[in-house]
Amino acid sequence: MQLSREDLLLAYRRMRRIRDFEDRVHIEFAAGEMPGFVHLYAGEEASAVGVCMNLTDEDMISSTHRGHGHCLAKDTDVNGMMLELYGRKDGICGGKGGSMHIADLSKGMMGANGIVGGGPPLICGAALTAKTLGTGNVAVAFTGDGGSNQGTTFEAMNFAAVLKLPVIFVFENNGYAETTASHWSVACKDIVNRAQAFGMPGISVEGTDFFAVWDAAREAVARARAGGGPTLMEVKVPRFYGHFEGDAETYRAEGEVAALKRDHDCLKIFRRRVVEAGLLSDADLDLVDAEVGDEIEASVMLAKSSPMPGPEDLLTDVYVRY
Amino acid sequence: MPKKTFKQALNEAHFHEMRRDPRVIVMGEDISGGIGASGEMDAWGGSEGVTKGLYTEFGEARVVDTPLSESAIIGAAVGAATTGLRPVADLMFADFLGVCFDQIFNQAAKFRYMFGGKAVTPVVIRAMIGAGFRTAAQHSQCLYPIFTHIPGLKVVIPSNPYDAKGLLIQAIRDDDPVIFLEHKLLYGVTGEVPDGPYAIPFGEAKVLRDGGDVTIVALALMVQVAMDAAELLSKRGIEATVIDPRTTSPLDLDTIVESVEETGHLVIVDESSPRCNIATDIAAQVADVAFHALKGPIKMVTPPHTPVPFSPALEDLYLPSAEKVAQAVEISLRSRRGAA
Ligand SMILES: Cc1ncc(C[n+]2csc(CCOP(=O)(O)OP(=O)(O)O)c2C)c(N)n1
């Protein structure tokens, strides 16, 4: 299967949506308009979209605390997400979860996670469901380089390999876990090297190249669907913002981020590739830019004017029936 | 006395004890910050800056940045403690203690007892608790009742900068595993803190205010809520005693009971969720030993039995307030035992 014109436009739209969503949230947060803890995904778009373009709504993903990109790559409703970030009643989680806990099971998105390493064991469960019920679905755990060092992650990889579960472990290596550099904290230097220890195929991908990610994920997903068990993918990505919004980033070198934005922007790289190959025109992509810009603007306006939850909402959702 | 923030007070405690005793080390994720990165080393000093500057003075042998691996961090701290070091492990948010719970409650807490008194485990585990910061269900819990439940652990929950410094120094000098919990809304609170080192013994409650009508017990951020409630009540002609137990294990029940014997009324404010928490524990113990002294029902003011909500609108409703505490006091006073 090759990517059709429609696929390429969709991939670009999803990446652009993530970028604009994140850039806008950055501004709103800095203006004091948004409550809570926010971790932005900007720079890593090609990873989420490249992987998720190979998935259906029935294929589950687990995410990290940097979860907006994974949600949008799985086509979670933008308005529902923006309202959630503003803590509104009609947010996708009723205002109860916020940025760190956005989930949309109807789209196969099992939730952003406030606990690093929480996702990989959970996604083994989604894969177990798929295997037990014979649905042919696959499950993808997105984890960071920091999260690759958690015991839960190691256990999940061994578990998935032993039970031959249809899982893809995607490690998005942006070089840092908060302030700690991954080349210091990951003992084997490249996370992909760990695949061998768990007896699963491993592949390292340049995460600024949508096509490389898409290709690698396509192969891993096909293997999982065919009963071939788990795959480990290490995706090398840049992180354009701080660890969280408000981070002064003193642990980063002068000019580091500017250089990343200049030379490692997956959206620019995608545009150059498809235009040079004559697959899409600049005008096609400009139109997407304009539409997404309007969409994000509208979502912010809607969120700001939407009602907050009320006292009656405080006690609901603890149990199935309260 | 100089005024300092809660955060500065904790930072000073680290400096005093690390200078005094070369066996004291600190460890945790981003504990200095920036390791292996290209910018500044000692960039963070832990996520709240409590350990800032330690790396510069004591170096990487004693200020240990770790990979993101809580079970290994706590297990290693506990193992080091039983073999001659005195580690202070920073776990960031108390919620993350879930990841390494075995190392705390099956290992650290049990060594002294299981080994017939032949082991000591002088480890301090610091972590942040509390709601009010819009950090939602996985970064806002007040988990001290869970640790209080486990024999062998000491549980310390300071409410002001002076106590924070003295209790942390005691925690580091203590030969038992100490869970040291810091409410995230207290870091910026200022108060008088001496420049030199001093230790506050565990199991001694602090009486912050003396009044003859009701005893209010509160911990951490809730101490301020209780003090505000006492002010409100005073304007309405009701005088409250406010007690901060400071440590829930050991618990200074005597000070609470003595006060209840004078006032006859007890209200406990507890930010942890309402079932099996510190409020229920203190209520039961007071009813057990001092039922004769109670003139009205013991009242407990807590959040509802829900996870912590994200939305500011809901989180504000979730937390106990001075008004809710004052109302609880008034209910206890109105429904006096034996009254018509
Ligand atoms: C169990 C646990 N430990 C620590 C944290 C605090 N924390 C949040 S994100 C993070 C770093 C994660 O790094 P990485 O997995 O590389 O993901 P990235 O932030 O780079 O996307 C840490 C230490 C947490 N949320 N959960």
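Points worth noting:
- Hull volume per residue, based on the alpha-carbon atoms of the stretch A:23-127 and their convex hull, is 93 Å³.
- Over all Cα atoms in chain B, the spread is summed up by Rg and Dmax: 20.3, 74 Å.
- The average projected area of the stretch A:196-267, computed from the convex hull of its Cα atoms over all directions, is 6.7 nm².
- With one equal scatterer per alpha carbon and no solvent term, the Debye-computed log10 I(q)/I(0) for the stretch A:243-299 at 0.22, 0.25, 0.26, 0.29 1/Å reads -0.92, -0.97, -1.00, -1.07.
- The stretch A:134-206 - share of DSSP beta bridges that are antiparallel (%, nearest 5): 25 percent
- Simple point charges give the picture: +1 on the Cβ of Lys and Arg, -1 on the Cβ of Asp and Glu, and for the protein assembly as shown a dipole about the Cα centre of about 1320 debye.
- Working from Cα pairs under 8 Å separated by at least six residues, relative contact order for chain A is 22 percent.
- Nearest 10 degrees, 0 to 90: helix B:221-235 Cα axis against chain B principal axis: 30 degrees
- Counting only residues at least eight positions apart within a chain, or on another chain, the aspartates and glutamates with an alpha carbon under 17 Å from that of B:Lys118 are B:Asp174, B:Asp175, B:Asp176.
- Computed from Cα atoms, the angle from the helix B:253-263 axis to the main principal axis of chain B rounds to 20 degrees.
- Under 15 Å from A:Lys304, Cα to Cα: aspartates and glutamates that are on another chain or at least 8 residues apart: A:Glu28, A:Glu33, A:Glu84, A:Asp90, A:Glu295
- Considering only A:Val257, A:Val78, B:Phe105, the residue lying farthest towards the positive end of the dipole of the protein assembly as shown is B:Phe105, judged by Cα position with unit charges set on Cβ.
- Normalised radius of gyration (Cα atoms, divided by 2.2 N^0.38 Å) for the stretch A:97-245: 1.00.
- Cβ-based exposure ranking for A:Leu128, B:Leu251, in which fewest neighbours within 10 Å come first: A:Leu128, B:Leu251
- Cα point-scatterer Debye curve for the stretch B:1-88, base-10 log of I(q)/I(0) at q = 0.18, 0.26 Å⁻¹: -0.78, -1.35
- The helix-based estimate of mean residue ellipticity at 222 nm for chain B, built from -39,500 (n - 2.57) per DSSP H run of four or more residues and divided by its residue count, is -10000 deg cm²/dmol to the nearest 500.
- Projecting the Cα atoms of B:Ile331, B:Met227, B:Ile282 onto the dipole axis of the stretch B:206-335, where Lys and Arg carry +1 and Asp and Glu carry -1 at the beta carbon, places B:Ile331 farthest toward the positive end.
- Panel note: the C-alpha atoms of the stretch B:140-292, placed on their principal axes, show extents of 41, 33, 28 Å (largest first).
- Lysines with Cα under 30 Å of B:Lys206, excluding same-chain neighbours fewer than 8 positions away: B:Lys3, B:Lys4, B:Lys7, B:Lys52, B:Lys110, B:Lys154, B:Lys165, B:Lys184, B:Lys235, B:Lys295, B:Lys299, B:Lys324
- Kirkwood Rh and Cα Rg combined as Rg over Rh, evaluated for the stretch B:3-192: 0.94
- Relative exposure of A:Arg225, A:Arg239, B:Arg236, judged by other C-beta atoms within 10 Å (fewest first): B:Arg236, A:Arg225, A:Arg239
- 20 °C / 1.002 mPa s Stokes-Einstein diffusion coefficient of the stretch B:266-336, Kirkwood radius on C-alpha pairs, µm²/s: 165 µm²/s
- Here the stretch A:176-322 is described by how far its Cα atoms reach on the three principal axes: 52, 47, 44 Å, from widest to narrowest.
- Rel. contact order, % - alpha carbon contacts under 8 angstrom, at least six apart, the stretch B:206-335: 28 percent
- Average projection area in nm² (convex hull over Cα atoms of the stretch A:7-71, one quarter of hull surface): 4.7 nm²
- Top of B:Val289, B:Val88, B:Val26 by mean-square fluctuation, Gaussian network on chain B, Cα under 10 Å: B:Val289
- Magnitude of the charge dipole, the stretch A:111-253, Cβ model with Lys/Arg +1 and Asp/Glu -1, debye to 20: 560 debye
- For the stretch A:5-305, the spread of Cα coordinates along the three principal axes comes to 49, 46, 43 Å, biggest extent given first.
- P(r), alpha carbons of the stretch B:206-335 - 10 Å bins starting at zero, rounded %: 14, 48, 31, 7, 0
- Most mobile listed residue (A:Ser63, A:Ser47, A:Ser204) in chain A, GNM with C-alpha springs under 10 Å: A:Ser204
- DSSP-defined beta bridges in the stretch A:168-316 - what % are antiparallel, rounded to 5: 15 percent
- The angle between the Cα long axis of helix B:161-173 and the longest principal axis of the Cα atoms of chain B comes to about 50 degrees, rounded to the nearest 10.
- Each listed q (0.08, 0.12 Å⁻¹) maps to a log10 I(q)/I(0) for the protein assembly as shown, found by the Debye formula over equal Cα scatterers with no solvent: -0.64, -1.29.
- Of all DSSP beta bridges in the protein assembly as shown, antiparallel share, percent nearest 5: 15 percent
- Dipole-positive endmost among A:Thr129, A:Tyr176, A:Pro307 within chain A (Cβ charges, Cα centre): A:Thr129
- GNM flexibility winner over chain B from B:Gly264, B:Gly203, B:Gly98 (Cα, springs under 10 Å): B:Gly98
Any read-out appearing in this document is the output of simple, stated calculations on the displayed coordinates, not a laboratory observation. Given the structure is predicted, the values throughout are model-derived calculations rather than measurements. Every residue, glycine as well, gets a Cβ built from its backbone with ideal geometry; the counts of neighbours run over all protein chains shown.
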